[in-house]
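Quick notes on the structure that follows.
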Amino acid sequence: MVLMALDHANFHISQQHSSGEYWGGPFPVFSTPMQFLVRFVTHLCAPGFFFTLGIGMVLFTSSRSKKGWNESKIWGHFLVRGFVLIALQIILNYGQVWSVAGSPALRWYVGVLAALGFGMILCVPLLRLKPKYLAWISLGLFVIMEVLTPDALLWGKNFDQFAGTLLIFSGGIGEFWSNYPLLAWVELIVLGILFGKLILEDARTAYQNGAWLGLIFLTGFGLLRALNGFGNIRPLPKDNWMGFLSLVKYPPSMTFVLLTIGINLILLWAFSKVKEPIFGEMNPLLVYGRAPLFFYLAHVWVYLLMGRLITPEGSNLAVMFVLWLVGLFILYIPVRWYGHFKSRQIATSWVRFL
């Protein structure tokens, strides 16, 4: 959540957010290595959201089953929550939260909330499956989505294919644009469901094996990136280290998934080793992470207003970093309050949807 806030602060405050990273069109442009690194570290966010969504679905199912919820009630909760996420995406679109520098944002934009909501709805029946079947589904989607992504030469020529841009490859026309094609990210939710089931069996072993899997993913990334062919969606320049690490995110290429999920798995293992976090329950990472949707909805407005009121013409990275931290400070107390408020509500309360 903290890295996501950095990305959106970069978008609204410094206005130096890269417009590239697509399967076609212009390559990403970064004026300095620091500008590249600011964007690069935030690539961990979206894959992490989809992966931990899958984990959360499994842990939620286990928790509610112990409280007497039957399967239909659990599934109904996921379906409602999925539609809530899609509705919130539409509301934010109409609120123009992704407009910058006076340019209006598209009202029909498929962003991360819509993709998470659709993925949750689609993956509910998969909760019944055994880990081995989940592994095959995730692996199958991992390869198939890469194969179905068009050649970069077709960029702009197939944007009128609504089903394609909505489900498989990024793009759009008129008032519609899809950054997060709905099927392209499902593989990570399925992988998360698989990992969640392993956590329930033996959490310590799951985290340890996850670290090894993360190292395997990073090795696979290095091999595919060095070959600069299949698995990259489109070859990018390799004349320097930034070119090597500039990957296709929209839709996620195999190399993008391997690098980001590999790092996420290792971080997950590392966090599992922390017995007592610094500052305990007041640790900002715990505070923001326990009310993630509330934090998401609040932070976009905080950084949007900062950009409009303080840096309407953009800023350098130093100013952006300061305002990013100020925004996190502003959000801390309300998010902490909401997290405690939510935890005190009954399991069926609508408050828990945020």
Look at Trp241 and say whether it is surrounded by fewer than 19 Cβ atoms within 10 Å (Cβ to Cβ), in contact (Cβ under 8 Å) with a residue 24 or more places away in the chain and not small (Gly, Ala, Ser).
no
Might you let me know whether region 83-100 holds any residue that is in a helix (DSSP H, G or I), among the small types (Gly, Ala, Ser), over 23 Å from His17 (Cα atoms) and touching a helix residue (DSSP H, G or I) at 6+ places or on another chain (Cβ under 7 Å)?
no
Would you please list the contacts, defined by Cβ atoms under 9 Å and residues six or more apart or on different chains, that run from a residue in region 126-139 that is surrounded by 13 or more Cβ atoms within 10 Å (Cβ to Cβ) to a residue that is of a type in the set (S, T, N, Q)?
Leu127/Thr61
Condition broken by Lys249, with the remaining ones in (1) surrounded by 17 or more Cβ atoms within 10 Å (Cβ to Cβ); (2) out of contact with any Leu (no Cβ under 6 Å at 6 or more places or on another chain); (3) at pLDDT below 95 satisfied:
(3)
Of these, Phe159, Phe78, which one is farther than 20 Å from Ile173 by Cα and aromatic (Phe, Trp, Tyr)?
Phe78
Residues Ala184, Ala211: which one is assigned to a helix (DSSP H, G or I), under 21 Å from the mean Cα position of the chain (by Cα) and within 21 Å of Gly25 (Cα to Cα)?
Ala184
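Suppose we filter Arg290, Arg352, Arg336 for residues that are free of Cβ contacts under 8 Å to residues at least 40 places away in the same chain, within 30 Å of Ala206 (Cβ to Cβ), charged (D, E, K, R) and surrounded by 13 or more Cβ atoms within 10 Å (Cβ to Cβ); which single one remains?
The unique qualifying residue is Arg352.
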Does any residue in region 65-86 that is exposed (fewer than 14 other Cβ atoms within 10 Å of the Cβ) come within less than 7 Å, Cβ to Cβ, of a residue that is at pLDDT below 95 and part of a helix (DSSP H, G or I) six or more places away or on a different chain, and which pairs are these?
none
Inside region 308-354, can you point out the residues that are of a type in the set (Gly, Ala, Ser) and either more than 21 Å from Val38 (Cα to Cα) or in contact with a strand residue (DSSP E or B) (Cβ under 6 Å, 6 or more places away or on another chain) (or both)?
Gly339, Ser343, Ala347, Ser349
Could you tell me whether Glu187 is under 30 Å from Leu106 (Cβ atoms), exposed (fewer than 15 other Cβ atoms within 10 Å of the Cβ) and touching a residue at least 40 places away in the same chain (Cβ under 8 Å)?
no
I'd like to know if region 269-291 contains one or more residues that are in a helix (DSSP H, G or I), at pLDDT below 95 and either among the acidic types (Asp, Glu) or touching a strand residue (DSSP E or B) at 6+ places or on another chain (Cβ under 9 Å) (or both).
yes
Show the residue pairs that are 6+ apart or on different chains and have beta-carbon atoms under 6 Å apart, the first residue being within region 10-29 and at negative phi, the second being of a type in the set (Gly, Ala, Ser) and crowded, with 18+ Cβ neighbours inside 10 Å.
His12/Gly307; Ile13/Gly307; Ile13/Ser315; Ser14/Ser315; Tyr22/Ser170; Pro28/Ser18; Pro28/Ser246
Evaluate region 266-274: report whether one residue or more is among the charged types (D, E, K, R) and surrounded by 23 or more Cβ atoms within 10 Å (Cβ to Cβ).
no
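Across region 219-238, what is the number of residues that are without any contact (Cβ under 8 Å) to a residue 60 or more places away in the chain, in contact with a helix residue (DSSP H, G or I) (Cβ under 8 Å, 6 or more places away or on another chain) and part of a loop (DSSP other than H, G, I, E, B)?
2
The values are calculated or read from the model by the stated rules, or taken from the named source; none is laboratory data. These numbers come from a predicted model, not from an experiment. Cβ atoms come from the backbone with ideal geometry, glycine included; neighbour counts cover every protein chain shown.
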